[in-house]
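The structure under discussion appears below in the form of C-alpha coordinates.
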Amino acid sequence: MPARSSPGWLPLACAGAALMLMVVTAAAGTLWWPGLSHTGHPLALPGADGVPRAAAYNALVFVLPGGLACLLACWRYNALPGTAGWGARIGARLLLLAGIAWAAQGIFALDLRELDGRNGQLHAAAWMCWWLAAASGLVLLAMQERRGRWADAVTAVLLVLLALLPYWPWPAGLSQRLAALVWFGGWLGWAVREWRGSGLR
(Lines give C-alpha, C1' and ligand atoms only; values in the text may rest on other atoms or scores of the structure.)
Protein backbone atom coordinates (compact mmCIF):
# COMPACT_ATOMS: atom_id res chain seq x y z
CA MET A 1 0.00 0.00 0.00
CA PRO A 2 1.62 3.31 -0.97
CA ALA A 3 2.28 5.81 1.77
CA ARG A 4 -0.03 8.78 1.90
CA SER A 5 1.59 12.20 1.79
CA SER A 6 -0.76 13.58 4.43
CA PRO A 7 -1.61 12.66 7.08
CA GLY A 8 0.31 9.73 8.56
CA TRP A 9 3.11 9.04 10.97
CA LEU A 10 5.21 12.05 9.89
CA PRO A 11 2.79 14.76 11.14
CA LEU A 12 2.51 12.83 14.41
CA ALA A 13 6.29 12.75 14.75
CA CYS A 14 6.57 16.47 13.95
CA ALA A 15 3.85 17.42 16.44
CA GLY A 16 5.48 15.33 19.15
CA ALA A 17 8.91 16.80 18.39
CA ALA A 18 7.58 20.37 18.52
CA LEU A 19 5.89 19.76 21.88
CA MET A 20 8.95 18.06 23.37
CA LEU A 21 11.37 20.72 22.12
CA MET A 22 9.32 23.51 23.61
CA VAL A 23 8.49 21.83 26.92
CA VAL A 24 11.92 20.35 27.68
CA THR A 25 13.85 23.50 26.77
CA ALA A 26 11.44 25.81 28.60
CA ALA A 27 11.58 23.58 31.68
CA ALA A 28 15.39 23.72 31.53
CA GLY A 29 15.33 27.51 31.33
CA THR A 30 17.27 27.78 34.59
CA LEU A 31 20.33 26.54 32.69
CA TRP A 32 20.23 29.82 30.79
CA TRP A 33 18.89 32.03 33.59
CA PRO A 34 19.66 30.84 37.15
CA GLY A 35 16.80 31.65 39.48
CA LEU A 36 14.26 31.70 36.67
CA SER A 37 10.65 31.65 37.88
CA HIS A 38 8.35 29.68 35.60
CA THR A 39 5.39 31.57 37.01
CA GLY A 40 6.69 35.11 37.21
CA HIS A 41 9.22 35.44 34.39
CA PRO A 42 8.32 35.56 30.67
CA LEU A 43 8.89 32.46 28.59
CA ALA A 44 11.29 34.42 26.37
CA LEU A 45 13.51 35.73 29.19
CA PRO A 46 16.30 33.08 28.89
CA GLY A 47 16.54 33.97 25.19
CA ALA A 48 17.02 37.68 25.79
CA ASP A 49 19.87 39.46 24.05
CA GLY A 50 23.04 39.21 26.11
CA VAL A 51 22.12 35.98 27.94
CA PRO A 52 24.70 33.22 27.28
CA ARG A 53 23.52 30.71 24.66
CA ALA A 54 20.36 32.73 24.12
CA ALA A 55 20.29 31.84 20.42
CA ALA A 56 20.11 28.12 21.26
CA TYR A 57 17.19 28.72 23.64
CA ASN A 58 15.30 30.77 21.07
CA ALA A 59 15.90 28.15 18.40
CA LEU A 60 14.65 25.28 20.58
CA VAL A 61 11.65 27.05 22.13
CA PHE A 62 10.46 29.29 19.30
CA VAL A 63 12.09 28.90 15.89
CA LEU A 64 12.17 25.11 15.46
CA PRO A 65 8.75 24.44 17.06
CA GLY A 66 7.31 27.32 15.03
CA GLY A 67 8.74 25.86 11.85
CA LEU A 68 7.25 22.47 12.67
CA ALA A 69 3.90 24.15 13.37
CA CYS A 70 4.07 25.74 9.91
CA LEU A 71 4.68 22.33 8.38
CA LEU A 72 1.75 20.90 10.34
CA ALA A 73 -0.48 23.75 9.18
CA CYS A 74 0.39 22.95 5.56
CA TRP A 75 -0.45 19.28 6.17
CA ARG A 76 -3.72 20.28 7.79
CA TYR A 77 -4.60 22.44 4.80
CA ASN A 78 -3.81 19.58 2.41
CA ALA A 79 -5.85 17.17 4.54
CA LEU A 80 -9.01 19.24 4.06
CA PRO A 81 -11.59 17.49 1.86
CA GLY A 82 -12.28 18.88 -1.59
CA THR A 83 -15.70 20.02 -0.37
CA ALA A 84 -14.22 22.15 2.42
CA GLY A 85 -15.48 25.71 2.40
CA TRP A 86 -13.49 28.92 2.41
CA GLY A 87 -13.85 29.18 6.17
CA ALA A 88 -11.89 25.99 6.74
CA ARG A 89 -9.27 26.95 4.17
CA ILE A 90 -8.79 30.39 5.69
CA GLY A 91 -8.64 28.79 9.14
CA ALA A 92 -5.84 26.45 8.08
CA ARG A 93 -3.92 29.37 6.58
CA LEU A 94 -4.33 31.32 9.79
CA LEU A 95 -2.69 28.39 11.60
CA LEU A 96 0.23 28.76 9.20
CA LEU A 97 0.45 32.44 10.14
CA ALA A 98 0.38 31.45 13.80
CA GLY A 99 3.34 29.13 13.28
CA ILE A 100 5.29 31.91 11.57
CA ALA A 101 4.47 34.30 14.42
CA TRP A 102 5.61 31.75 17.03
CA ALA A 103 8.95 31.35 15.26
CA ALA A 104 9.28 35.15 14.96
CA GLN A 105 9.33 35.44 18.74
CA GLY A 106 12.70 33.70 18.72
CA ILE A 107 14.02 35.87 15.91
CA PHE A 108 13.04 39.11 17.64
CA ALA A 109 14.57 38.34 21.01
CA LEU A 110 14.01 40.57 24.01
CA ASP A 111 16.64 43.18 24.85
CA LEU A 112 17.05 43.50 28.62
CA ARG A 113 18.64 46.92 28.20
CA GLU A 114 15.56 48.26 26.45
CA LEU A 115 12.46 46.11 26.90
CA ASP A 116 10.30 48.65 25.08
CA GLY A 117 12.79 48.98 22.24
CA ARG A 118 12.34 47.84 18.66
CA ASN A 119 12.98 44.16 19.30
CA GLY A 120 10.76 44.14 22.36
CA GLN A 121 7.91 45.68 20.40
CA LEU A 122 8.35 43.21 17.54
CA HIS A 123 8.46 40.32 20.01
CA ALA A 124 5.23 41.48 21.66
CA ALA A 125 3.61 41.94 18.25
CA ALA A 126 4.62 38.40 17.25
CA TRP A 127 3.10 37.03 20.47
CA MET A 128 -0.15 38.87 19.79
CA CYS A 129 -0.25 37.75 16.14
CA TRP A 130 0.39 34.18 17.27
CA TRP A 131 -2.54 33.79 19.65
CA LEU A 132 -4.96 35.85 17.54
CA ALA A 133 -4.20 33.85 14.38
CA ALA A 134 -4.21 30.54 16.25
CA ALA A 135 -7.52 31.14 18.04
CA SER A 136 -9.34 32.55 15.01
CA GLY A 137 -8.03 29.78 12.76
CA LEU A 138 -9.19 27.08 15.16
CA VAL A 139 -12.62 28.70 15.48
CA LEU A 140 -13.06 28.76 11.70
CA LEU A 141 -12.01 25.12 11.44
CA ALA A 142 -14.33 24.13 14.30
CA MET A 143 -17.24 25.77 12.49
CA GLN A 144 -16.51 23.92 9.25
CA GLU A 145 -15.27 20.48 10.26
CA ARG A 146 -16.96 17.66 12.13
CA ARG A 147 -14.12 15.53 13.43
CA GLY A 148 -12.28 17.21 16.30
CA ARG A 149 -14.42 20.34 16.20
CA TRP A 150 -14.85 20.40 19.99
CA ALA A 151 -11.13 19.96 20.53
CA ASP A 152 -10.43 22.92 18.22
CA ALA A 153 -13.07 25.06 19.93
CA VAL A 154 -11.78 24.30 23.44
CA THR A 155 -8.18 24.97 22.36
CA ALA A 156 -9.20 28.33 20.89
CA VAL A 157 -11.06 29.38 24.05
CA LEU A 158 -8.15 28.36 26.28
CA LEU A 159 -5.69 30.30 24.13
CA VAL A 160 -7.76 33.48 24.36
CA LEU A 161 -8.22 33.14 28.12
CA LEU A 162 -4.54 32.42 28.78
CA ALA A 163 -3.44 35.26 26.51
CA LEU A 164 -5.64 37.72 28.42
CA LEU A 165 -5.00 36.37 31.93
CA PRO A 166 -1.81 38.45 32.44
CA TYR A 167 -4.06 41.49 32.60
CA TRP A 168 -5.75 40.00 35.67
CA PRO A 169 -4.19 38.97 39.02
CA TRP A 170 -2.47 35.94 37.48
CA PRO A 171 1.24 35.14 36.98
CA ALA A 172 2.05 36.21 33.42
CA GLY A 173 4.85 33.68 33.02
CA LEU A 174 2.60 30.78 33.96
CA SER A 175 -0.15 31.82 31.54
CA GLN A 176 2.37 32.09 28.69
CA ARG A 177 3.70 28.59 29.35
CA LEU A 178 0.22 27.12 29.64
CA ALA A 179 -0.83 28.81 26.39
CA ALA A 180 2.18 27.32 24.61
CA LEU A 181 1.40 23.89 26.08
CA VAL A 182 -2.22 24.15 24.90
CA TRP A 183 -1.13 25.18 21.40
CA PHE A 184 1.38 22.42 20.79
CA GLY A 185 -0.76 19.91 22.67
CA GLY A 186 -3.58 20.78 20.27
CA TRP A 187 -1.32 20.05 17.31
CA LEU A 188 -0.41 16.69 18.83
CA GLY A 189 -4.09 15.90 19.34
CA TRP A 190 -4.86 16.73 15.71
CA ALA A 191 -1.97 14.59 14.48
CA VAL A 192 -3.16 11.64 16.59
CA ARG A 193 -6.70 11.96 15.21
CA GLU A 194 -5.46 12.08 11.64
CA TRP A 195 -3.06 9.19 12.20
CA ARG A 196 -5.88 7.04 13.53
CA GLY A 197 -8.21 8.12 10.75
CA SER A 198 -5.64 7.36 8.06
CA GLY A 199 -5.56 3.69 8.97
CA LEU A 200 -1.73 3.77 9.00
CA ARG A 201 -0.13 2.14 12.02
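The values are calculated or read from the model by the stated rules, or taken from the named source; none is laboratory data. Predicted model only: the values in this text are computed from it and were never measured. Positions of Cβ are backbone-derived with ideal geometry, glycine not excepted, and every protein chain shown enters the neighbour counts. Quick note on the areas: whole protein, heavy atoms, side chains included, nothing else; ligands and nucleic acids left out. Shrake-Rupley method; radii C 1.70, N 1.55, O 1.52, S 1.80 Å.
Descriptive notes on the structure:
- The set of residues in segment 154-172 that are surrounded by fewer than 18 Cβ atoms within 10 Å (Cβ to Cβ) and either at pLDDT below 90 or more than 11 Å from ALA134 (Cα to Cα) (or both) comprises VAL154, LEU161, LEU164, LEU165, PRO166, TYR167, TRP168, PRO169, TRP170, PRO171, ALA172.
- Odd one out for ALA69, checked against (1) modelled with pLDDT of 95 or more; (2) crowded, with 18+ Cβ neighbours inside 10 Å; (3) more than 19 Å from LEU19 (Cβ to Cβ): (3)
- Residue within segment 135-147 that is under 13 Å from the mean Cα position of the chain (by Cα), over 21 Å from VAL61 (Cα atoms) and surrounded by 19 or more Cβ atoms within 10 Å (Cβ to Cβ) present: yes
- One residue stands out in segment 73-97 among those that are touching a residue at least 40 places away in the same chain (Cβ under 8 Å) and within 13 Å of MET143 (Cβ to Cβ): the one that is surrounded by the fewest Cβ atoms within 10 Å (Cβ to Cβ), namely GLY85.
- Restricting attention to segment 21-35 and to residues that are surrounded by 17 or more Cβ atoms within 10 Å (Cβ to Cβ) and modelled with pLDDT of 85 or more, the residue that is farthest from TYR57 (Cα to Cα) turns out to be VAL23.
- Remark: pairs (first residue in segment 103-126, within 23 Å of GLY67 (Cβ to Cβ) and open to solvent by 30 Å² or more (accessible area, probe 1.4 Å); second residue assigned to a loop (DSSP other than H, G, I, E, B) and at pLDDT 90 or above; Cβ separation under 6 Å; 6+ apart in sequence or on different chains) = ASN119/PHE108; LEU122/PHE108.
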